[in-house]
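The structure under discussion appears below in the form of structure tokens.
The values are calculated or read from the model by the stated rules, or taken from the named source; none is laboratory data. Computed from a prediction, not measured in an experiment: that's the story for all the values here. All Cβ positions, even for glycine, are placed from backbone atoms using ideal geometry, and neighbour counts span all protein chains on display.
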Amino acid sequence: MHKTITHEHNHTQSYAFKKLSKFILQLQKQYKENVSDPWWEWNDEKDQMEFSLGIGGYYISGNLFLFDHKVEIEAEVPIVAALRWGKIESMIRSKLYELLK
């Protein structure tokens, strides 16, 4: 199941990269009981990150796109995780807000 999270902020793309360069690692650190097996890789332009991780026992993969004033995450989520998507999305949004305030 395809899910999208859009987060607007007041920063440039390069500043957002500095803050989000280790986003997945920071997400795992904060939610260590729920996040496992993180992997991520940034493209050469530092405006797109491919990622995968386990959240709450479900495997999620996708891409994070950085723009001036906006972050967009496109994720593939197992159908069984759709029932828990609200909690997963809340965890992600909370970390985005904290890093880009």
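At-a-glance table
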item: Residue in segment 18-32 that is within 16 Å of Met1 (Cα to Cα), over 13 Å from the mean Cα position of the chain (by Cα) and either at pLDDT below 95 or of a type in the set (Lys, Arg) (or both) present; result: no
item: One residue from His11, His7 being of a type outside the set (Asp, Glu) and either in a helix (DSSP H, G or I) or in contact with a strand residue (DSSP E or B) (Cβ under 9 Å, 6 or more places away or on another chain) (or both); result: His7
item: Number of positions in segment 73-86 that are surrounded by 13 or more Cβ atoms within 10 Å (Cβ to Cβ) and modelled with pLDDT of 90 or more; result: 5
item: Residue in segment 60-74 that is among the hydrophobic types (A, V, I, L, M, F, W, C) and either more than 23 Å from Glu8 (Cα to Cα) or in contact (Cβ under 8 Å) with a residue 60 or more places away in the chain (or both) present; result: yes
item: In segment 56-72, residue modelled with the lowest pLDDT [restricted to those that are of a type in the set (A, V, I, L, M) and in contact with a strand residue (DSSP E or B) (Cβ under 6 Å, 6 or more places away or on another chain)]; result: Ile60
item: Qualifying residues in segment 51-94 (those that are out of contact with any Phe, Trp or Tyr (no Cβ under 7 Å at 6 or more places or on another chain) and of a type in the set (D, E, K, R)) - the one nearest to Leu27 (Cα to Cα); result: Arg93
item: Segment 47-82 - residue that is assigned to a strand (DSSP E or B) and among the acidic types (Asp, Glu) and, of those, farthest from the chain's Cα centre (by Cα); result: Glu76
item: Number of the condition not met by Trp85 [criteria: (1) under 21 Å from Ser21 (Cβ atoms); (2) outside any strand (DSSP E or B)]; result: (1)
item: Test: residue in segment 33-45 that is among the small types (Gly, Ala, Ser), over 22 Å from Lys101 (Cβ atoms) and either out of contact with any helix residue (DSSP H, G or I) (no Cβ under 7 Å at 6 or more places or on another chain) or outside any loop (DSSP other than H, G, I, E, B) (or both); result: yes
item: Residue under evaluation Asp44, criteria (1) free of Cβ contacts under 8 Å to residues at least 12 places away in the same chain; (2) under 14 Å from the mean Cα position of the chain (by Cα), criterion not met; result: (2)
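Conditions (1) touching a Pro at 6+ places or on another chain (Cβ under 7 Å); (2) exposed (fewer than 12 other Cβ atoms within 10 Å of the Cβ); (3) of a type in the set (S, T, N, Q), marked per residue:
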residue: Lys32; (1), (2), (3): no, yes, no
residue: Trp40; (1), (2), (3): no, no, no
residue: Glu45; (1), (2), (3): no, yes, no
residue: Ile55; (1), (2), (3): no, no, no
residue: Ser61; (1), (2), (3): no, no, yes
residue: Asp68; (1), (2), (3): no, no, no
residue: Val71; (1), (2), (3): no, no, no
residue: Lys95; (1), (2), (3): no, no, no
residue: Glu98; (1), (2), (3): no, yes, no
